[in-house]
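Each remark here refers to the structure printed beneath this line.
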Amino acid sequence: MERPDTRRVVLAGAIGNVLEWYDFAVYGYFAAAIGRAFFPKEDPVAQVLSAFGIFAVGFLMRPVGGALLGYVGDRFGRRTALTVSVAAMAIPTFLVGVLPGYAVLGVAAPFVLTGLRMIQGLSVGGEYTTSIVFMVEHAPPERRGFIGAMAGCGAIGGILLGSATGGAILAELMPATALEAWGWRIPFVLGLAVGLAGFFLRRTLVDEPRTRASGRSPLVETVRTHWPVLLRLAGLSCFNAVGFYLSSVYIVSWLQFADGIAPAHALGINTFSMVAMLLVMVGAGLLSDRIGRKPMLLMATFIGVIGAYPFFWLMYHGEVSMILLGQLGFALAVGMFVGAQPTAMVEAAPVEVRCTAIALGYNLTLGLVGGVSPMVATWLVHRTGDNLMPAFLILGAAAVSLVATLFLRKTSRSTLAVTPA
């Protein structure tokens, strides 16, 4: 089969990750306005849904979505799974932007919003993992590391795009009252354009032959036959889950209560760190094509183990230069890891269950471990009175991923590509 144009493969694979994390950033930035629109304080039922349903539902649905879209990718082709996932993200994102609030729909409004986020959670569970499988399988052998890293770059790019749209452009162009009343809906509506571009771009891709059918469900075959691979992939994903969420999401709140940094300055420091991480990821992907995936992962996790506490210690000093130095340390460790991990996972998973195995292993860890890591970090700080306790969570996660990397096995080059049925 003729190899598709590399740039088209990268764009088609990464655009869904851009949309996924664009929505994540926009929702986080406008969470207060969304809460006031859909969850008025005088309704206790809506309060409960606001506090527990919306923020947890995406993480809870990730493993389910991973299993579902992984099955589609292994049985009906990568392109089909990617087309379904981008539609399942774009349509609910748009509907959030036009959904009437509590004043119109009453208590139905938060229930409908929760349902939309559940659909998005299903999409998120399969989008990233299926896209990296598609991108790496179609990449030239000598550029697989770089192409895999570009999938993760799409996620960082989506966060930066969402933050820029919500935090900079609209805040600058619109009065605060208008932004609070209806302006927050604009980024969600605009997300449909990204989704439509991704949908039609993926629909025009040349599909690959489907993997051989063994008669068993890919999910059943993964759990029964390939469970060692599943465990290794889950362990490998620990540093990604905890390291990324704590150093790039939780850290904005941590800088405010631990160092007394103003919210705007905390967001600015975090944006600088994410740009640096983006560059490191690209470099890590390129370097992994020369020295291999495992050496990159081992170096990244080693830095995470020995550097987690010193990096937090640097950030605890309150001086901007020290905070930036600590953030750059995490950007180096996490960026190196996330840059090399996608291709390493694809190369480690058997082709016949590749989408399912990676989706399950990755999303079980990201959903169940990464999803609770900010909450656990907050509880540890409150319980111990030690603002440096989150460092030990990152240290522990890096250690788990280091061990998993040691046991990571690579499939042969001949079995990396999809084979005809």
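The values are calculated or read from the model by the stated rules, or taken from the named source; none is laboratory data. Remember, it's a predicted structure, so these values are computed and weren't measured experimentally. Positions of Cβ are backbone-derived with ideal geometry, glycine not excepted, and every protein chain shown enters the neighbour counts. The accessibility values were calculated without ligands, DNA or RNA, using every heavy atom of the protein model including side chains. Shrake-Rupley method; radii C 1.70, N 1.55, O 1.52, S 1.80 Å.
So in segment 285-302, with the set limited to residues that are in contact (Cβ under 8 Å) with a residue 40 or more places away in the chain and open to solvent by 10 Å² or more (accessible area, probe 1.4 Å), which one is nearest to Leu324 (Cα to Cα)? Taking the candidates together, the pick is Phe302. Candidates in segment 4-54 are the residues that are open to solvent by less than 40 Å² (accessible area, probe 1.4 Å), in a helix (DSSP H, G or I) and modelled with pLDDT under 70; of these, the one that is nearest to Pro141 (Cα to Cα) is Ile54. Counting only helices (runs of 4 or more DSSP H) that sit completely within segment 85-173, those holding 3 or more residues that are in contact with a Lys or Arg (Cβ under 8 Å, 6 or more places away or on another chain) correspond to 108-137. For segment 347-377, a residue qualifies if it is surrounded by fewer than 23 Cβ atoms within 10 Å (Cβ to Cβ) and either in a loop (DSSP other than H, G, I, E, B) or without any contact (Cβ under 8 Å) to a residue 60 or more places away in the chain (or both), and the qualifying residues are Pro350, Gly371, Val372, Met375, Val376.
Between Phe392, Phe330, which is surrounded by 17 or more Cβ atoms within 10 Å (Cβ to Cβ) and of a type in the set (Phe, Trp, Tyr)? Spell out the reasoning first.
Values: Phe392 fails: surrounded by 17 or more Cβ atoms within 10 Å (Cβ to Cβ).
Unique residue meeting the criteria: Phe330.
In this structure, Thr356 qualifies as touching a Gly at 6+ places or on another chain (Cβ under 8 Å) and of a type in the set (Ser, Thr, Tyr).
List the helices (runs of 4 or more DSSP H) that sit entirely inside segment 215-312 and contain at least 3 residues that are farther than 18 Å from Ser163 by Cα and within 20 Å of the chain's Cα centre (by Cα). First the steps, then the outcome.
Numbers: elements: 218-225, 227-236, 238-245, 251-259, 263-291.
It comes to 227-236, 238-245, 263-291.
Determine, yes or no, whether Gly106 is at pLDDT 85 or above and buried (at least 19 other Cβ atoms within 10 Å of the Cβ). Here the answer is no, as Gly106 does not meet what is asked.
Given the condition open to solvent by 30 Å² or more (accessible area, probe 1.4 Å), small (Gly, Ala, Ser) and under 17 Å from the mean Cα position of the chain (by Cα), answer yes or no: does some residue in segment 56-68 qualify? Looking for residues that are open to solvent by 30 Å² or more (accessible area, probe 1.4 Å), small (Gly, Ala, Ser) and under 17 Å from the mean Cα position of the chain (by Cα), one finds at least one in segment 56-68, hence yes.
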